[in-house]
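**Q** Take a look at this one; I'll ask things after.
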Amino acid sequence: MGMQALNQGILTLKNPVMWIYPIIAGLFVFAAVMFGLADITDYFGLKLAILFFIFVSPFFIAGTYAAVKSGDFSVNAYLKSAADGYFRVMLPCFVLLFAIILLMFIATVPVFFAQSAAGLSVFAYIIGITLILLTFFFDTAAIFEDKKIFESLKRSIELVMAKPLEVIMFYIVAALLVFVLFMLYTMVWSSLLAEEFEPLLTMSQSELAAFSQDSMNLVNLLGEHGVFVTAVLSGIAVLLFTLLFMPYKAIFYRDELMVSLISMLGKIPEKSDDGDLSVEDFYKK
């Protein structure tokens, strides 16, 4: 189920266009970490990353999904599809971002006025997380089915509700992917910066507690070399995750959730000779 989509997604990586967005995402994260750690109180790195994922990412997301949808992995087709699908991916992202910000406002403001409002805050956070999980496939719906803003959000909710077990498995595989990459990142990062972390081994508990109070202490401990290594490894980690996750999500949507939709409509296309549903079959009416 989930692993099969991941395996098929890996096979698409032989096409150079599937590497475009991961490489660009990795470079932006590298720059964001470098700027962020250079002045940790300015939050410029965080702002840069947010602007990238809101305004730049939709272009490459649309191109990547369209390549998987059509099976055309040429650069010309990628760029044309990216331009055509840019606003279909970006605009729902704005709607979701606005809804999440509103929920965070609802979750935060009451706490300032009453301790009893903590339960409301927890409830708002739960709603926010649920909203993200239900609408997580809005971008694939926008590209694979040419859906507009609210249509893509609605389609994602419909398909998640139609196949909850498959979607849960998808999230589990994605979480395992994050876990494996995070563990590799941590091991490589700590081994490369073992010399920088040596002073921590001689600190007492009280000294470590005081050290952790100010994030600038860690930046000063790392030094220029440590900051550069952290930025490089962060960029590589994001590159690898994006490289694996994007085709995984696209193929999962095509081969699992779209099949569910077609089945509900009573339009199950015939299988190809190798037993798999071809891309074209999904768009036969």
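**Q** Using the beta-carbon distance between Val180 and Ile132 and R0 = 30 Å, what value does 1/(1 + (r/R0)^6) give for FRET efficiency, to the nearest 0.05? All intermediate terms of the calculation are to be shown ahead of the outcome.
**A** Details: r = 22 Å, r/R0 = 0.74.
Efficiency, rounded to the nearest 0.05: 0.85.
**Q** Lysine pairs in the range 2-283 with Cα distance under 23 Å, only those 8 or more apart or on different chains: how many are there?
**A** Taking the Cα cut-off of 23 Å, the pair count is 28.
**Q** Just want the ordering: Val68, Val238, from fewest to most Cβ atoms lying within 10 Å of their own Cβ.
**A** Numbers: Val68 25, Val238 22.
Neighbour counts put them in this order, fewest first: Val238, Val68.
**Q** Any chance you could check the Cα centroid distance between the range 141-166 and the range 1-77 for me, in angstrom?
**A** Cα centroid of the range 141-166 versus Cα centroid of the range 1-77: 21 Å apart.
**Q** Could you put Ser152, Ser206 in order, starting from the residue whose Cβ has the fewest other Cβ atoms within 10 Å? Walk me through the numbers on the way to the answer.
**A** Working: Ser152 26, Ser206 8.
Going from least to most buried by this count: Ser206, Ser152.
**Q** Mind checking Rg over Rh on the range 115-261, alpha carbons, Kirkwood formula for Rh? It would help to have the intermediate numbers written out before the result.
**A** Working: Rg = 21.2 Å, Rh = 18.9 Å.
Reported Rg/Rh, Kirkwood definition of Rh: 1.12.
**Q** Here is a further query. Please report the net charge: other residues with Cβ closer than 11 Å to the Cβ of Lys148, K and R +1, D and E -1.
**A** Values: positive: Arg88, Lys147, Lys154, Arg155; negative: Glu145, Asp146, Glu151.
Local net charge: +1.
**Q** Can you compute the modelled spin-label distance between Phe98 and Ser206, with each label point 7 Å from Cα toward Cβ, in nm?
**A** The two pseudo-label positions are separated by 5.4 nm.
**Q** Could you tell me which of rounded, prolate or oblate describes the range 2-283, using a ≥ b ≥ c as the square roots of the eigenvalues of the alpha-carbon gyration tensor, with rounded for a/c under 1.5 and, failing that, prolate when a/b is larger than b/c and oblate otherwise? Provide the component values of the computation, followed by the final result.
**A** Numbers: a/c = 2.09, a/b = 1.50, b/c = 1.39.
The shape class here is prolate.
**Q** Calculate, in nm to one decimal, what Leu11 and Ser215 gain on full extension: separation in residues at 0.36 nm each, minus their alpha carbon distance.
**A** Values: separation 204, 0.36 × 204 = 73.44 nm, distance 4.14 nm.
Computed gain between Leu11 and Ser215 is 69.3 nm.
No lab work stands behind these numbers, since they all come straight from the coordinates. No experiment lies behind these values; they were computed from the predicted model shown. Cβ sites come from the backbone with ideal geometry, for glycine too, and all protein chains shown count toward neighbours.
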